[in-house]
Number of protein chains: 2
Amino acid sequence: MADELPTPDVTEDRDDAYALDEKTVHAIQAAVEADDAETLVRLVDHMHAADIADVLEQFDDATRQHAVTLLGSSFDGELLTELDEGIREDVIDALSPEVLSEAVRDLESDDVVDLIEDLGKGQQAAILDVLETSDRAAVELSMSWPENSAGRLMQREVVSAPAHWTVGQAIDFMRESEDLPDDFYHLVLVDPRYHPVGHVTLGKLMSSRRNVKLADITEESFRTIPADQDEEDVAYAFNQYHLISAPVVDSDGRLAGVITIDDAMIVLDEEHEEDILRLAGVGDESLADRTLAIARRRFPWLFVNLITAILASLVISQFEATIAAIVALAVLMPIVASMGGNAGTQSMTVAVRALATRDLTRSNALRVIRREVVAGLLNGLVFAVVMGVIGVIWFGTPMLGVVIGVAMVINLAVAGLAGVGVPLVLDRVGIDPALASGAFVTTVTDVVGFFAFLGLAAAWLI
Amino acid sequence: MADELPTPDVTEDRDDAYALDEKTVHAIQAAVEADDAETLVRLVDHMHAADIADVLEQFDDATRQHAVTLLGSSFDGELLTELDEGIREDVIDALSPEVLSEAVRDLESDDVVDLIEDLGKGQQAAILDVLETSDRAAVELSMSWPENSAGRLMQREVVSAPAHWTVGQAIDFMRESEDLPDDFYHLVLVDPRYHPVGHVTLGKLMSSRRNVKLADITEESFRTIPADQDEEDVAYAFNQYHLISAPVVDSDGRLAGVITIDDAMIVLDEEHEEDILRLAGVGDESLADRTLAIARRRFPWLFVNLITAILASLVISQFEATIAAIVALAVLMPIVASMGGNAGTQSMTVAVRALATRDLTRSNALRVIRREVVAGLLNGLVFAVVMGVIGVIWFGTPMLGVVIGVAMVINLAVAGLAGVGVPLVLDRVGIDPALASGAFVTTVTDVVGFFAFLGLAAAWLI
């Protein structure tokens, strides 16, 4: 095994370290198209479910369905949880009832919850039906917590012990347990009311003498998570406090389950993805979505943009006479608006991120706004000089250079103000700033940019 | 403890679940301004280092320096690793040599590496000097690996055992070890050449009988990471394969250290942060940076935007005569460019993300491009009709409606093409697509938007 270690040349081709091997993808596709189930199963046999899912996501719908059918009983349950949500339903539909029930029975309760929560009622019932009674109860209990809550994220399987036990008692108890979870990192200590009061890492447990009291080797980092807490906050807590696992408590403070860092990492990844896409005016979408779905999802954002663009046009239309007199204004005006839009997007992105990481708060909001406005003014002054000179050289009218310069300073300062102000206000009124800031900020910079430039031109040039 | 659990109302006020308490921030600030070291130490005593760092980041420079001086010997080493890189140097300068050496000695080797790698030579030497010989050797060995590599990320402290041992031997060995790491999750099995050949979770170890062979209870998920692998790829592997910890090997395949998921999560978070900021044309910056630094860092991006905006203006200037004849064109032209820019940004963001997650590959690039172009065409057609009608109503010229409609269809289809094509090409030639795509894509949509609209107008309206 050690001889097959990846060779050091991976760093030369950095992004490809874990990229899917194109040859493998083609070989799998060829096997599917040739109806060759044996080769297909052999090809995917040694692959991680996450990689198989990535290959399936690359196929078109028909090829994917065909691949799933060909895999038959070799279809692994983990594959379902790894698949993109957008195509999960179709894959489940392509599975025979026997294969589906076999696949689902292998999964842990939190994976089943993750799998079924986005499915339609019919598919949900079909999957719940094949679970054993105790598993079904665990899944249904998790599903009773709100969507995107810690209760949905946690696994019900917890290893806990009375707080007064010793290391030896705990180890003996674990040796005798039949069904310890696959992955757990802490032994949770509970009081007689089943409230978690601390936890011990397995490493500490293993390196301590048998007569040591569990209560004496608990971790300082211990904190509990309410089951109804938003999963975004859970991910934040894991990242901020470097948690590995944390017990989840119900509204009575009783131990209800445990969340591990790998689940928190997935949420963190999803939240980031959502923020990036929302900032660009794209909703929840993935590469596996169909063209029509993509077009329909992006439409509302483009429509909002159309309205803001028309607003800007209305401002321009107030100065038709000015533009008719000096056509150079039409040539130069997009520069002022574009620079403002870019500067505004810069400030806005920093502000949206800082709100997400809790770095931008009421305590420092004013200082951050002042900083952004001054930074905008400074860059505005530099670009005012640059554009002023270009304006004079290009059109030979010194006053035109002054107009574009002054408009630039005004718009870049306003961009700094709007870039921080808009996300702050949206956050205060409870709207996700990543979702809506962009449209407002560019409206402000477009309107102010055109108005300042054309207004000054009307006043000073005509 | 259980009685102090957060109450369920955190979900009502979702984003504030782990927000800094404004009162605490003000109390700390007041204590610092009143020179009241005793109150300050009492206030921060029960706080997590990550939260104290967040408070310090909110202060202005003078207050922060003062706070650090007042904390004196209560300054915790962990605080240094939690502080934003931008202000770390200043804080280190504010610490007395005694406090600094005390603070650094508490840290694990990977934290010291993370701390010193961005410092100047002088500060680096000062910190290395206070370490004990063995710790310094471990830090210097990590520092010999390239920046942002697995070798820098790993901790040198690994718990390993010969592959032929039994569970009982492993547990006895761990009980007798004096200095096991604080956090570890796997026992790494090595062959006689010290090559890692598998690993066993502590949970499995604890629940197995003493006479079970370690080789029989190894994890299937085992994989090793080359020490020179880029940390971005390491984070990807942890996320993709749900790893908890993975052994790092040197170029001879020998066990060199171990990376745990909490370190991978921090890298994942940083990479996302970088992508979001780069997509918005903001380099590495943080809320703690000073105004002048902010203005200077954003300048290059705005300068690139200025050049692309001037390019677009040059296109417009080719049609000055057309605009002079029909001023309505100047009013409407920003709409076509703006819609193209937005649609292009949507496609581009999806493509940049898909490249980062290895979902967009050579195998499916053509299908994704076709999908984006068709989606652009579809939305283009809808908006062509909308804008055509608006154009007719607003300006009473049916042909103007046709011109803006056709220009809209062209620009939205081009936006889809450029949105995917530009990141793909940049990625192929080894440039980070998050960094440079935006400028290229909006240049294309601006130039095509103005050219199509004004060109068609010149051809059909005059």
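Quickly rank B:201-210, B:411-420, B:253-262 as a protection proxy: mean count of other C-beta atoms within 10 Å, highest first.
The packing order, highest mean first, is B:411-420, B:253-262, B:201-210.
Using +1 at the C-beta of Lys and Arg and -1 at the C-beta of Asp and Glu, which of B:Val448, B:Leu119, B:Met154 has the Cα lying farthest in the positive direction of the dipole of chain B?
The one lying farthest along the dipole's positive direction is B:Val448.
Between copies, how close do the A:Pro162 label points come, placed 7 Å along Cα→Cβ, listed in nm from shortest?
Once sorted, the set of distances for A:Pro162 reads 4.2 nm.
Can you give the direction-averaged projected area of the convex hull of the alpha-carbon atoms in the stretch B:261-314, in nm²?
Numbers: hull surface 18.4 nm².
Mean projected area for the stretch B:261-314: 4.6 nm², to one decimal.
Could you work out the relative contact order of chain B? I mean the mean sequence separation of Cα pairs under 8 Å and 6+ apart, divided by the number of residues, in percent. Walk me through the intermediate numbers first.
Details: 625 pairs, mean separation 49.3, N = 462.
Value for chain B: 11 percent.
Using only the alpha carbon atoms of the stretch A:354-419, find the Kirkwood hydrodynamic radius as the inverse mean reciprocal pair distance, in angstroms to one decimal. Intermediate values should be presented prior to the final figure.
Details: mean 1/r = 0.0775 Å⁻¹.
Hydrodynamic radius (Kirkwood, Cα pairs) of the stretch A:354-419 is 12.9 Å.
Hey, what's the per residue convex hull volume over the C-alpha atoms of the protein assembly as shown, in cubic angstrom? Walk me through the intermediate numbers first.
Working: hull volume 161.7 nm³, N = 924.
Cα-based convex hull of the protein assembly as shown, divided per residue, equals 175 Å³.
If you bin every alpha carbon distance in the stretch A:291-460 into 10 Å steps from zero, what whole percent lands in each bin?
Values per bin, smallest distances first: 11, 35, 31, 18, 6, 0.
Tell me the label-point distance for the pair A:Asp172, B:Glu220, using the 7 Å Cα-to-Cβ offset, in nm and rounded to one decimal.
With each label point 7 Å from Cα toward Cβ, the separation is 3.5 nm.
For the Cα atoms of chain B, what angle does the longest principal axis make with the long axis of helix B:261-279, in degrees from 0 to 90, nearest 10?
20
Over all directions, how big on average is the projection of the convex hull of the alpha-carbon atoms in the stretch B:191-233, in square nanometres? Each step should come with its number before you reach the end.
Values: hull surface 17.3 nm².
Mean orientational projected area (the stretch B:191-233, Cα hull): 4.3 nm².
Can you compute the equivalent ellipsoid semi-axes for the stretch A:225-283, i.e. the square root of 5 times each eigenvalue of the Cα gyration tensor, sorted largest first and rounded to whole Å?
Working: eigenvalues 129, 31, 12 Å².
So the three semi-axes of the stretch A:225-283 are 25, 12, 8 Å.
Using a simple charge model, +1 on the beta-carbon of Lys and Arg, -1 on the beta-carbon of Asp and Glu, nothing else, what dipole does the stretch B:160-261 show about its Cα centre, in debye to the nearest 20? Walk me through the numbers before you get to the answer.
On the way: 8 positive and 17 negative charges, 143 e Å.
Using only the charged Cβ atoms, the result is roughly 680 debye.
Would you give the gap between the C-alpha center of the stretch B:110-181 and the C-alpha center of the stretch B:187-250, rounded to a whole Å?
17
Hey, got the average number of other protein chain Cβ atoms within 10 angstrom for residues in A:293-305? Please report the intermediate quantities before stating the final value.
On the way: counts 1, 11, 13, 3, 2, 12, 5, 0, 5, 12, 5, 1, 9.
Whole-number average of other-chain Cβ neighbours for A:293-305 is 6.
Once both axes come from the Cα atoms, what is the angle between helix B:398-428 and the longest principal axis of chain B, in degrees from 0 to 90, rounded to 10?
Computed tilt is about 30 degrees.
Mind checking the dipole of chain A: about its Cα centre, +1 per Lys or Arg Cβ, -1 per Asp or Glu Cβ, Debye to the nearest 20?
3600
Just want the answer: with Cβ charges of +1 for Lys and Arg and -1 for Asp and Glu, which residue in A:Leu202, A:Leu214, A:Ile259 is farthest toward the dipole's positive end in the stretch A:154-264?
Of the candidates, A:Leu214 comes out farthest on the positive side.
Can you tell me the dipole magnitude for the stretch B:70-161 around its Cα centre, using point charges on the Cβ only (Lys, Arg +1; Asp, Glu -1), in Debye to the nearest 20? It would help to have the intermediate numbers written out before the result.
On the way: 6 positive and 23 negative charges, 70 e Å.
With only Lys, Arg, Asp and Glu charged at Cβ, the dipole is about 340 debye.
Return, for the Cα atoms of the stretch B:160-261, the radius of gyration and Dmax in Å, separated by a comma.
13.6, 40
Working from Cα positions, state the angle (0 to 90°, nearest 10) between the long axis of helix B:121-130 and the longest principal axis of chain B.
Its long axis makes an angle of about 20 degrees.
Restricting everything to alpha-carbon atoms, can you work out Rg to Rh for the stretch B:169-328 with a Kirkwood hydrodynamic radius?
Working: Rg = 27.1 Å, Rh = 20.6 Å.
Computed over Cα atoms, the ratio is 1.31.
Return the average number of partner chain Cβ atoms within 10 angstrom of each residue Cβ along peptide A:214-227.
Per residue, the number of nearby Cβ atoms from other chains is 2 on average.
In nm to one decimal, list the spacings between the A:Glu22 label point and its equivalents in the other copies, with label points set 7 Å along Cα to Cβ, shortest first.
5.6
Hey, for B:Arg209 with labels 7 Å out along Cα-Cβ, what do the inter-copy distances come to in nm, ordered shortest first?
Spelled out, the distances from B:Arg209's label point are 2.9 nm.
Where does chain B land at 222 nm, in deg cm²/dmol rounded to the nearest 500, when only DSSP H runs of n ≥ 4 count, each adding -39500 (n - 2.57), divided by all residues? Could you put the intermediate results ahead of the total?
Numbers: 21 runs with 298 residues, N = 462.
One gets -21000 deg cm²/dmol as the mean residue ellipticity at 222 nm.
So for chain A, Kirkwood radius off the Cα pairs, Stokes-Einstein at 37 °C and 0.692 mPa s: how many µm² s⁻¹?
Working: Rh = 26.9 Å.
So the translational diffusion coefficient is about 122 µm²/s.
We did not get these values from a lab; they are worked out from the coordinates using the rules stated. The shown structure was predicted, so the numbers you read here are calculated from the model rather than taken from an experiment. A quick note on method: Cβ atoms are made from the backbone with ideal geometry, for glycine too, and the neighbour counts reach across all protein chains shown.
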